[in-house]
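Take a look at the structure set out below.
The values are calculated or read from the model by the stated rules, or taken from the named source; none is laboratory data. No experiment lies behind these values; they were computed from the predicted model shown. We place every Cβ from the backbone using ideal geometry, glycine too, and count neighbours over all the protein chains shown. Accessible surface areas use protein heavy atoms only, side chains included; no ligands, DNA or RNA. Shrake-Rupley method; radii C 1.70, N 1.55, O 1.52, S 1.80 Å.
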2 protein chains.
Amino acid sequence: MDPKQDSDGFRPLDREGLVQRVARLLSKAIVTGQLSQGERLSESVVARQLGVSRAPVREAARLLENSGLVTYLPNRGFFVRSMSARELGNLYEFRLVIESAAVRRLIRDGLGESEAKLIGQIEEMRRVAGPGFDMLTQVEADMQFHRLICAGSGNPKFLNTFEQIAMESELTIMMIGRLYDDAQRLAETHVPILDALLRHDEAEAVEALRYHIEVARDLVVEQFRKMEDEQD
Amino acid sequence: MDPKQDSDGFRPLDREGLVQRVARLLSKAIVTGQLSQGERLSESVVARQLGVSRAPVREAARLLENSGLVTYLPNRGFFVRSMSARELGNLYEFRLVIESAAVRRLIRDGLGESEAKLIGQIEEMRRVAGPGFDMLTQVEADMQFHRLICAGSGNPKFLNTFEQIAMESELTIMMIGRLYDDAQRLAETHVPILDALLRHDEAEAVEALRYHIEVARDLVVEQFRKMEDEQD
DNA sequence: GATTTGGCGATTGTCGACAATTTACTTGAC
DNA sequence: GTCAAGTAAATTGTCGACAATCGCCAAATC
């Protein structure tokens, strides 16, 4: 009997716990806007709706708190995270710091197998950039590119931190609603980053990353401010 | 087991939740080495020892997981985090990235009330640097200086991220055991950081921070490697 | 004798109920 | 009519119990 090859595809069992399933449902509901920001997340209500007890719901909510999707107030409960324009700016500043560091290490250590992955991800982004694909798909393809950078950096802390704020970033983008028109253009601003990475040009890669993130930030913040004005 | 440990310098807020109290006790037990690394944290045992049920213990452990003090394996439970020399290096690299960014923003926005706090913290570090103070006090005074930098940066994400890895840093330092001899010297390497901050010299402040963190890293890693060799 | 398989003990996963706390409402006084 | 206090409803905080799962060890098989 030869044991199962533990190559790359080493996950035959999809048995994910109840907590993860609840967390995924909740996060999807939040990101897709089914739950509006500031809304209360009643443990009892969610538990009843999903047909489970409060315990796994509570743990799932705690997980989402780490991802910044919900906030928790003692003796008050969980609420869908609401973002101000200021917090949004802070989020993008933070992303720039983390990803810049990841880019530096990635270049210093050599890209390795990340090279092919990044190139492939650019292709993927172009593929889903056109109409016919929903925004969630486009956003996730975008995030995946940045995730690959952090994953390849060699320091797991960069990836961990990125994962924590990735959901938050998705949330803000989905909140905006229609970044759709600019999906194609935004996708192309990833190319200079990749080019610089392939040339092992550290300064240029960081600069391209800075430009890309600041463009995205300005786009999001601008739309966000418009929405705020409309609601006032 | 000691009945009461009310002697720590925190506010005895009765309004503090049971979860936080458990989390604090556990983290203290881990940092002070009462719980050795790799050791299992049985929910039932901890709950029985503290006279509470498993629910708050479980939540507290989840909190500690975010701080990197324990790791969680599905259907297996919680274990006290064990660190390799490699992870330790990654931790300090990460700290350098976060704190450098915080320093830059701190200078750009102006120090404000952080100035007095930082100066006062240097005094505090000198006060507890000598003999007669236990290492935990010295380490916490050190961490508080860095915490103040992140707190004053204007971007709460820097502080949040710092808090997540602060415990982890304390853990590694306490693991080493006796950084004691160098407490005085290490304390003084904070001074150049403060000086540069007061002069609003961004480049110099970052450089001083880099030097300080790398000195600390080398000290810890070196001692850590010695310990590893002894155990082999 | 080595490997597999079945059962046993222990631990985590989940649940429903009760206690503590907060919020909203009602009632009363000014 | 407004504000305050008291009370009731709803929600979170905590608990003990039961079910599902994992690791270990002995027995059985080749």
Can you spot a residue in segment B:74-82 that is open to solvent by 60 Å² or more (accessible area, probe 1.4 Å), more than 29 Å from B:Ala208 (Cβ to Cβ), in contact (Cβ under 8 Å) with a residue 12 or more places away in the chain and not in a loop (DSSP other than H, G, I, E, B)?
-> no
Go through segment A:88-181 and tell me which helices (runs of 4 or more DSSP H), entirely inside it, have 1 or more residues that are more than 30 Å from A:Val70 (Cα to Cα).
-> A:114-129
Considering segment B:1-34 alone, what residues qualify as being within 16 Å of DNA strand D (Cβ to nearest atom) and modelled with pLDDT of 70 or more?
-> B:Gly17, B:Leu18, B:Val19, B:Gln20, B:Arg21, B:Val22, B:Ala23, B:Arg24, B:Leu25, B:Leu26
Of all residues in segment A:41-79, how many are β-branched (Val, Ile, Thr) and either more than 14 Å from DNA strand C (Cβ to nearest atom) or under 28 Å from A:Asn90 (Cα atoms) (or both)?
-> 2
Is it true that some residue in segment B:87-99 is more than 14 Å from every other protein chain (Cβ to nearest Cβ) and open to solvent by 60 Å² or more (accessible area, probe 1.4 Å)?
-> no
What residue, of B:Gly154, B:Gly112, is open to solvent by 20 Å² or more (accessible area, probe 1.4 Å), closer than 30 Å to A:Arg86 by Cβ and within 14 Å of chain A (Cβ to nearest Cβ)?
-> B:Gly154
What's the number of the condition B:Gly38 fails, among (1) more than 14 Å from chain A (Cβ to nearest Cβ); (2) within 12 Å of DNA strand C (Cβ to nearest atom); (3) not in a helix (DSSP H, G or I)?
-> (2)
Qualifying residue in segment A:89-101 (condition: among the hydroxyl-bearing types (Ser, Thr, Tyr), outside the structural domain of A:Val215 (by TED's automatic domain parsing) and away from DNA strand D (no atom under 16 Å from the Cβ)) | no
Those residues that are hydrophobic (A, V, I, L, M, F, W, C) and within 14 Å of A:Ala55 (Cα to Cα), I need them from segment B:45-59; list them, please.
-> B:Ala55, B:Val57
Would you mention how many residues in segment A:114-147 are closer than 20 Å to A:Ala101 by Cβ and modelled with pLDDT under 90?
-> 0
Those residues of segment B:60-71 which are open to solvent by 40 Å² or more (accessible area, probe 1.4 Å) and either within 13 Å of DNA strand D (Cβ to nearest atom) or assigned to a helix (DSSP H, G or I) (or both) amount to B:Leu63, B:Glu65, B:Asn66
Acidic (Asp, Glu) and in a loop (DSSP other than H, G, I, E, B) - does that describe any residue in segment B:41-52?
-> no
In segment B:45-59, anything within 9 Å of DNA strand D (Cβ to nearest atom) and either under 22 Å from A:Ala60 (Cα atoms) or hydrophobic (A, V, I, L, M, F, W, C) (or both) is listed as B:Ala47, B:Leu50, B:Val52, B:Ser53, B:Arg54, B:Ala55, B:Pro56, B:Val57, B:Glu59
Do we find a residue being crowded, with 21+ Cβ neighbours inside 10 Å, within 14 Å of chain B (Cβ to nearest Cβ) and in contact with a Leu (Cβ under 9 Å, 6 or more places away or on another chain) anywhere in segment A:137-144?
-> no
Name every residue in segment A:100-159 that is within 20 Å of A:His212 (Cα to Cα) and of a type in the set (Lys, Arg), in order of residue number.
-> A:Arg104, A:Arg105, A:Lys117, A:Arg126, A:Arg127, A:Arg147
